[in-house]
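The values are calculated or read from the model by the stated rules, or taken from the named source; none is laboratory data. Just so it is clear, the model here is predicted, and its values are computed rather than measured. Neighbour counts run over all protein chains shown; Cβ positions are idealised from the backbone, glycine included. Calculation scope for accessible area: heavy atoms of the full protein, side chains included, ligands and nucleic acids excluded. Shrake-Rupley method; radii C 1.70, N 1.55, O 1.52, S 1.80 Å.
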Amino acid sequence: MRRASERWYVRGVAAGAAALVLAGCGGGGEEAAAKALGKAEVVSVLPDAKAMPGWRTQLEPGAQEPVPEYPPAFCLTKDKKKRATACGEITFYGVAAYVRKPDVTSLNYWVLAYKDEKTADAAYDAIAEYYGGDRVGVGAVPVKIGEPGAEREANRAATGTMGGPATITQLRVGTTVLGISTGTQGEKAVSDQEVKDLAAVFAERAQQAQDGGKPSAGVTGG
């Protein structure tokens, strides 16, 4: 379903150790058409070590051009037709991964870039249909994350692939589809506020890149 593109600005985030700041966001002026991102820009959207204090890097941000026969493993849909829509139109994709030792939490980011908003919108719908609801785990419930990007969804399950609470967040920002997953071997889930703030930072980085700037949003504290 086609949804109107929306420009958004983060007006504030929670204070404290788990809070996030969106540095160098800019503002004002007329909205420009969403930009298709190149390989280096996709890498820049992914939070790097500087943007993730308190987290240890497991996989440094990186991007590549997909091989049509072998789309990214995380580009999943319910049928072949939707797979072609979502995974067959990717121009570049990127991933990054982090871990936080105190609560044995893993955090994974991924970006799918497309040639235009219309293509990204169709891809988001196909991927969100697959990952939504109980895909993160049995009995998953929605997590309220505000309104980052043009489209968004987040769900949490008490038991995910690592044995503890897990979340999957999906976003569309202009010509990009973004994903964030968290999982833990412990009992304590990543809080609703942190899920919301991680989504805000990632979406802002994608917007900054599409505005032609250098993404600067990042986590503060640890």
Check: Tell me, what HN-Hα J-couplings in whole Hz come from the Karplus equation 6.51 cos²θ - 1.76 cosθ + 1.60 at θ = phi - 60° for each residue of segment 47-52, using x for Gly and Pro?
Finding: x, 9, 4, 4, 7, 10
Next item on the list: Could you pull out every residue, at least 5 positions away or on a different chain, whose amide H is within less than 5 Å of the one on E151? Hs are placed 1.01 Å off N in the peptide plane, and Pro or chain starts have none.
Entry: R172
Next item on the list: Would you check the accessible area of L76, probe 1.4 Å, heavy atoms only, in square angstrom rounded to 10?
Entry: 50
Note to self: With the cut-off at 23 Å, tell me which of the pairs K35/K81; K80/K115; K78/K101; K144/K188; K101/K196; K39/K80 have Cα atoms farther apart than that.
What the structure shows: K35/K81; K78/K101; K39/K80
Next item on the list: Calculate, for K78 and D103, the FRET efficiency according to 1/(1 + (r/R0)^6) with r their C-beta to C-beta distance and R0 30 Å; round to the nearest 0.05.
Entry: 0.35
Next item on the list: Work from the charge dipole of segment 102-154 (Cβ charges, +1 for Lys and Arg, -1 for Asp and Glu, about the Cα centre) and give the residue of W110, Y130, P142 farthest towards its positive end.
Entry: W110
Note to self: Once ligands and nucleic acids are excluded and a 1.4 Å probe is used, how much of W110 is accessible, expressed in Å² to the nearest 10?
What the structure shows: 30
Next item on the list: With a point put 7 Å past each Cα toward its Cβ, work out how far D134 is from E147 in nm, to one decimal.
Entry: 3.2
Notebook entry, point to check: Rounded to the nearest 10 Å², what accessible area does D192 show when all protein chains are kept and the probe is 1.4 Å?
Noted result: 80
Note to self: At 7 Å along Cα-to-Cβ for each site, give me the label-to-label distance between Y70 and K115 in nm.
What the structure shows: 2.4
Next item on the list: Order the peptides 157-165, 177-185 from the highest to the lowest mean number of other Cβ atoms within 10 Å of their residues.
Entry: 177-185, 157-165
Check: So which chymotrypsin sites (Phe, Trp or Tyr not before Pro) in segment 115-187 are both in a DSSP loop and have at most 15 other Cβ atoms within 10 Å of their Cβ?
Finding: none
Check: When the Karplus curve 6.51 cos²θ - 1.76 cosθ + 1.60 is applied with θ = phi - 60°, which whole-Hz ³J(HN,Hα) does each residue of segment 147-162 get, with x for Gly and Pro?
Finding: 10, x, x, 8, 9, 7, 7, 9, 9, 10, 10, 5, 9, x, 5, 8
Check: If we sort 204-211, 45-52 on the protection proxy, mean other Cβ atoms within 10 Å, highest first, what's the order?
Finding: 204-211, 45-52
Notebook entry, point to check: Given charges of +1 on the Cβ of Lys and Arg and -1 on the Cβ of Asp and Glu, with all other atoms neutral, how large is the dipole of segment 104-222 about its Cα centre, in debye to the nearest 20?
Noted result: 240
Next item on the list: Kindly sort R83, R156 by accessible area of their heavy atoms, largest first, with the probe set to 1.4 Å.
Entry: R83, R156
